[in-house]
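The values are calculated or read from the model by the stated rules, or taken from the named source; none is laboratory data. Predicted model, so just to flag it, every value in this text is computed and none were measured. Here Cβ is always computed from backbone atoms with ideal geometry, including for glycine, and neighbour counts include all displayed protein chains. The protein model used for the area step is the full one, side chains on, heavy atoms only, and it has no ligands, DNA or RNA in it. Shrake-Rupley method; radii C 1.70, N 1.55, O 1.52, S 1.80 Å.
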Amino acid sequence: MISNENKKLAQWAMDYALKNGCQAAKVSLYSGSNTSFELRDAQMDKLQQASESRMSLFLYVDGRYGTYSTNRLDKKELESFIRNGVESTRYLAEDEARMLPDASRYYKGGKPDLQLLDPQFSAVNPDNKVALAQAIAEEALGKDPRIISVESSYGDGDGFSYQITSNGFEGETQQSWYSLSASVAVKGEGEARPSSYWYESSLYLDKLVKEGVGQKALERTLQKIGQKKAKSGRYTMVVDPMNSGQLLRPMLSAIFGSALQQKNSFLLDKLGQKVGSDKFTLLDEPHLIGASGARYFDSEGVATERRSVFDKGVLKTYYIDTYNAKKMDVDPTVANPSILVMQLGNKDLNGLISDVAHGILVTGFNGGNSNSSTGDFSYGIEGFLIEKGKLTLPLSEMNVTGNMITLWNSLAETGNDPRLNSSWRIPSLVFEGVDFSGL
């Protein structure tokens, strides 16, 4: 955690910067650690442990702006570091859009603890961490003669930050995380070597799903044996909740201030317009207690709030930080989303599949891209052919193509199965009339 001594050091550093030529300044402190154990066939393959402490300074000098970081938190060394930073900043180009947020927009404190830090984090025995990774490996090892290798891993980490600005913000955050993952490779048909994975994560160790990870990885891998291409054509596309966020990502990137300011967004000037189907409703819920991504303020210290991002397909907000808002001469919002929650339907993935007569279930995206200016996209996919509500042929080496606005206007159903361990709670999705190329 950030000690009171280091908090006082941050305050001193800010004052020192102001006395040595800065008109405004921000200082942030970060301290964190992480551990990972990687096993191959239940035997230790790689161990990594790391810890980090740093101070970052954001200096506003004569209309110019510079950022500097150091892990040497000695006051004497910081004196020369700060003076050199101020002098270096004077060599940069002027940019009048660089400024601290209006102080009225800062988070003022007083809200309940978001409960993002496991109080037992430092007490977890390393032997228990290795045992968890071994246990999920053993769920797969020896279960099928075609298995080539089983890789499993355990990871955890904690992080603490403290931030102050010269115009009145002070804020502190803390969090922990844990993860388990497994990856299985098997001998397929001919020279094929199908592989797949599964993972679980949590902020608290006692809430981490510890069983079934290796089993699911094996099941997902065996389902890939015999992958082929289906005929090119227009299909109903179902995307599982492990991959549905991939299709949302270009829509989010297009509403960030950096893309809008550069006019590199297919959603430029679309605020208040319908860009998706009535099934497309997405909220930003930043204050969910004990949830990954929860926060009371963004990276600038600006207070977060519940936001409607898309409401029945209508674009309701942009994510615009102070800098890009000044460049665009518009009002700022917040720098980026916190917890994205999509409106749910009433069926899980299997229920959605059972309603599809002729479609493709996408269980992975393999390369490709989306054009940020036009929204046109092309992705490689793998998955399964759906015929009369049943999964039949496993698929690979096919492409899905289209335009993001057209795609989201074709959203027909949402599932009830988002991964709640993610800050993007996006369920299974069903899109009608999507173009696939194969045979």
Q: Could you tally the net charge around residue 62, taking each other residue with its Cβ under 13 Å from the Cβ of residue 62, Lys/Arg +1 and Asp/Glu -1?
A: -1
(Q) Over 18 Å between Cα atoms: which of 274/316; 129/216; 263/326 fall into that group? (A) 129/216
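How about segment 347-439: which trypsin sites (Lys or Arg not before Pro) there are in a DSSP loop, with at most 12 other Cβ atoms within 10 Å of their Cβ?
For trypsin sites (Lys or Arg not before Pro) across segment 347-439 that sit outside H, G, I, E and B with at most 12 neighbouring Cβ atoms in 10 Å, the list reads 388.
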Q | Where segment 180-225 is the region considered: accessible area per residue in Å², 1.4 Å probe | A | 49
Q: Among (1) 49; (2) 55; (3) 62, find the value of percent of Cα pairs over 27 Å apart that was calculated from the structure presented, and write down its label.
A: (3)
Q) In the neighborhood of residue 291, defined by Cβ-to-Cβ distances under 15 Å, what is the net charge if each Lys or Arg adds +1 and each Asp or Glu adds -1? A) +2
Q: Whenever you get a sec, compute what percent of the accessible area on segment 338-439 sits on carbon and sulfur atoms (1.4 Å probe).
A: 48
(Q) What is the percent carbon and sulfur in the accessible area of segment 106-201, measuring with a 1.4 Å probe over the protein chains and ignoring ligands? (A) 49
Q.
In whole Hz and in residue order, list the ³J(HN,Hα) couplings for segment 23-33 that follow from phi through the Karplus curve 6.51 cos²θ - 1.76 cosθ + 1.60, θ = phi - 60°; x for Gly and Pro.
A. 8, 7, 7, 9, 10, 10, 10, 9, 9, x, 8
Q. Using a 1.4 Å probe, how large is the accessible area of residue 424, given in Å² and rounded to the nearest 10?
A. 60
Q.
Rounded to the nearest 10 Å², what accessible area does residue 358 have for a 1.4 Å probe in the complete protein model?
A. 100
Q.
Could you report segment 237-346's accessible area per residue, 1.4 Å probe, as an integer in Å²?
A. 40
Q.
If I histogram all Cα-Cα distances within segment 72-145 using bins 10 Å wide from 0, what percent of pairs lands in each bin?
A. 12, 15, 19, 21, 17, 13, 4
(Q) Rolling a 1.4 Å sphere over the protein heavy atoms, what is the accessible area per residue of segment 31-77, to the nearest Å²? (A) 59
Q: Check cross-link reach from residue 390 to the aspartates and glutamates: straight Cα distance under 18 Å, and skip same-chain residues fewer than eight apart.
A: 219, 240, 348, 355, 382, 413, 432
Q | Computed [θ] at 222 nm, helices only, for the chain once each DSSP H run of length n ≥ 4 contributes -39500 (n - 2.57) | A | -6000 deg cm²/dmol
**Q.** Per-peptide average of other Cβ atoms within 10 Å, ordering 41-51, 91-101, 221-231, 310-320 highest first
**A.** 310-320, 221-231, 91-101, 41-51
**Q.** Descending principal axes extents, segment 1-74, alpha-carbon based, whole Å
**A.** 59, 28, 15
Q. To the nearest 20 debye, what charge dipole does segment 213-306 have about its Cα centre, counting +1 at the Cβ of each Lys and Arg and -1 at the Cβ of each Asp and Glu?
A. 820
Q. Which percent of Cα pairs goes in each bin when the distances of segment 98-184 are cut into 10 angstrom slices starting at zero?
A. 13, 28, 21, 17, 13, 6, 1
Q: Would you tally the net charge around residue 141, using a Cβ to Cβ cut-off of less than 12 Å, leaving residue 141 out, and scoring K and R as +1, D and E as -1?
A: -3
